[in-house]
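Heads up, the thing below is written out as structure tokens.
The values are calculated or read from the model by the stated rules, or taken from the named source; none is laboratory data. Owing to the predicted nature of the structure, the values given are computational and were not obtained by experimental measurement. Glycine also receives a Cβ, built like all others from the backbone with ideal geometry; neighbour counts cover every protein chain displayed.
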Amino acid sequence: MSIIAARKESTTTPQAGESAGVPAGTTAARPAPADKKATRGQVDITNVRKSFGATEVLKGVSLSVPPGGVAVIVGPSGSGKSTLLRTINHLEKVDGGYITIDGELVGYEVRGNKLHELREKDILKQRTHIGMVFQSFNLFPHLTALENVIEAPIVAQKRSKAEARKRGLELLDRVGLKDRADAYPRQLSGGQQQRVAIARALALDPKILLFDEPTSALDPELVNEVLDVIRELAKSGTTLIVVTHEMGFARDVADTVVFMDQGQIVESGTPQEIFANPREERTRSFFSKVIEPAFNI
Amino acid sequence: MSAIAPPATAETSPPTPDYSEYKLVPARHPWRWVGTVLVAAGVAAIAWSLVTNPRWEWGVVAEWFTAQSVVNGLIETLKLTAISGVLGFVLGFILALMRLSASPLLVSVSWTFSWIFRSTPLLVQLLLWYNLGYLYEKISLGIPFTDVRFFEAQTTTLISQFAAAVLGLTLNQAAYSAEIIRGGILSVDQGQLEAASALGIPAWKRSTRIVLPQAMRAILPNAFNEIIGLVKGTSIVYVLAYSELFYTVQVIYNRTQQVLPLLLVATLWYVVITSVLSVFQYYIERHFSKGALRTLPLTPLQKARKFFTTHVAATPTKDAR
């Protein structure tokens with residue numbers, strides 16, 4: 001009597017990470033599939049804690065995503081998903097724990113036996129390796145689609161305008177918006193705006209892409225055009241970490257699904273493990289609420 | 001699994017008559033016409049009295065309008081406006097950034113500056129600056145708490161009428177423009193800054209390329225209000241006997257006793273300056289509304305051209321039809 005509709009066969013194979021002696025609730029995700037020849041973009045989050053005032057939103061979270069891996073973080077509102085994502089590019093400072101990308105600490109450097117926060121300049125440099133796509137797009141409204149895409153390469157990476165334009169048009173082509181290059185964000189639909197935002201994040205050639213509920217602000221009929229672009233990216237070998245409420249998308253695209261609740265990772269595993277055969281009661285009850293029973297009929 | 005219900009049949013409603021050949025007639029607004037006529041009559045009456053009442057002395061106005069002394073005064077007014085306007089907004093920008101900074105000291109210094117200069121009358125400020133020599137005989141630049149002096153001068157030689165006027169107007173203007181600029185910056189969505197820093201764009205470029213261009217939309221209408229206010233506000237420096245436009249016409253009418261015509265001369269020049277500024281405002285605001293509107297409205301010139309091409313140039317084809 002399964003509550004959740006499982007389209008993929010369920011599996012009971014335990015995760016590779018568990019046998020490695022990692023504490024419960026943490027994940028060492030499976031190695032990336034063989035067709036992705038990614039060599040960069042390993043993300044390791046270790047025991048990250050974060051409080052806003054008296055509220056502890058992250059209570060010691062650990063997560064590893066291998067190069068080229070696709071981790072999808074799901075969970076109820078206020079579970080700390082977005083905060084966790086924002087600590088990965090140091091938009092949110094951690095109160096404890098640390099994050100490394102390909103072994104390099106994010107936002108800090110080791111001096112003696114202390115982690116000193118980096119200067120703004122060095123943090124900005126690190127951020128150019130980490131693309132981010134926001135729920136509310138945050139395109140620059142006074143710049144055209146193309147200008148949005150080439151702003152950071154020109155200003156932050158000091159590339160030549162001609163080169164940036166050429167690459168910008170390629171990226172807009174990749175998200176299917178080459179013909180709207182000169183449109184301003186307000187002249188585009190929500191789905192188109194988000195696709196421009198993805199092209200903008202790709203313009204710095206990041207190792208990692210972070211998606212913070214990329215489809216939550218979109219009309220239902222526009223969700224798929226954005227998800228299709230992300231699906232394509234998942235095959236490209238860039239490491240993706242996606243916070244989303246789109247369970248169907250998580251099931252199709254994720255290597256690892258991470259379920260968070262109340263500032264902790266409750267469990268994580270392959271989509272089959274998490275959706276069809278969750279170990280924890282909290283996971284079970286969450287999915288029973290968010291996955292429409294209609295799929296079962 | 002559910003059977004589809006048969007479509008509801010119109011049992012009672014009679015067949016709809018066919019209106020497709022009917023012409024559409026917009027609603028009439030008779031009261032709008034009554035209002036228009038009344039206002040037009042009022043405007044005509046005012047215009048008539050301006051032209052026919054000899055006491056306006058338009059001949060005297062015309063005589064003095066381009067007189068050398070008046071034009072000199074006008075130049076001084078423009079000079080004061082430009083200098084204290086530019087310096088005021090530059091200082092205001094710095095004060096706004098201080099106010100928005102994370103340092104409590106910078107915030108409170110900026111707040112105190114605005115508090116003092118907004119709460120004392122400009123007239124008092126001007127007189128105080130002009131009489132600074134009474135308070136401090138000498139002004140010097142050196143290392144505090146030592147006898148080292150790089151520069152020293154008598155206050156009275158340093159603070160001329162012009163310097164006092166610029167100082168007073170600038171500091172006063174800075175206090176107001178700081179608030180206008182701060183308001184503009186606050187009106188830009190926080191997500192813009194976040195997106196820019198997530199893209200690795202440095203702080204200074206974030207301000208100048210991302211935030212300010214968007215803040216300008218909120219800043220400009222108020223800024224032009226301030227500049228236009230400043231143009232006329234410069235007339236207050238007559239208390240320093242500084243010969244700008246207003247002081248000049250005062251001197252003239254005290255001699256000739258033609259008070260109203262000369263006040264009209266000054267007024268008309270203020271109207272001219274304000275009109276020119278308003279045209280600037282229109283085009284500058286238009287420039288910064290890039291991307292804020294789906295389609296930019298036509299400029300008056302474009303509208304005129306469009307009117308010409310569609311109405312005037314199109315008439316022959318209409319006749320031919």
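Brief remarks on what is shown
- Options B:74, B:80, B:105: the member that is farther than 19 Å from residue B:250 by Cβ and part of a helix (DSSP H, G or I): B:105
- The listed residue being at positive phi and in contact (Cβ under 8 Å) with a residue 12 or more places away in the chain, out of B:223, B:241: B:241
- Test: residue in segment B:281-297 that is among the aromatic types (Phe, Trp, Tyr), within 28 Å of residue B:167 (Cβ to Cβ) and at pLDDT 90 or above: no
- Count of residues meeting criterion [part of a loop (DSSP other than H, G, I, E, B) and within 14 Å of chain A (Cβ to nearest Cβ)] in segment B:250-289: 1
- Restricting attention to segment A:132-155 and to residues that are closer than 20 Å to residue A:245 by Cα and surrounded by fewer than 21 Cβ atoms within 10 Å (Cβ to Cβ), the residue that is nearest to the other protein chains (Cβ to nearest Cβ) turns out to be A:136.
- Just one of (1) within 14 Å of chain A (Cβ to nearest Cβ); (2) without any contact (Cβ under 8 Å) to a residue 12 or more places away in the chain; (3) in contact with a helix residue (DSSP H, G or I) (Cβ under 9 Å, 6 or more places away or on another chain) fails for residue B:190. It is (3).
- Among residues of segment B:68-80, those that are without any contact (Cβ under 8 Å) to a residue 12 or more places away in the chain and surrounded by 13 or more Cβ atoms within 10 Å (Cβ to Cβ), counted: 2
- In the set (1) out of contact with any Ser or Thr (no Cβ under 9 Å at 6 or more places or on another chain); (2) in a loop (DSSP other than H, G, I, E, B), residue B:183 fails one condition alone, (2).
- The one condition in (1) surrounded by fewer than 17 Cβ atoms within 10 Å (Cβ to Cβ); (2) closer than 13 Å to residue B:196 by Cβ that residue A:178 fails to fulfil: (2)
- Matching residues, segment A:252-286, being of a type in the set (D, E, K, R) and not in a loop (DSSP other than H, G, I, E, B): A:252, A:261, A:267, A:273, A:281, A:282, A:284
- Some residue of segment A:32-45 being at pLDDT 50 or above, of a type in the set (S, T, N, Q) and within 23 Å of residue A:247 (Cβ to Cβ): no
- Against the list (1) within 14 Å of another protein chain (Cβ to nearest Cβ); (2) within 17 Å of the chain's Cα centre (by Cα); (3) not in a loop (DSSP other than H, G, I, E, B); (4) not acidic (Asp, Glu), the condition residue A:125 fails is (2).
- Restricted to segment A:156-166, and to residues there that are within 14 Å of chain B (Cβ to nearest Cβ) and small (Gly, Ala, Ser), the residue that is nearest to residue A:129 (Cα to Cα) is A:156.
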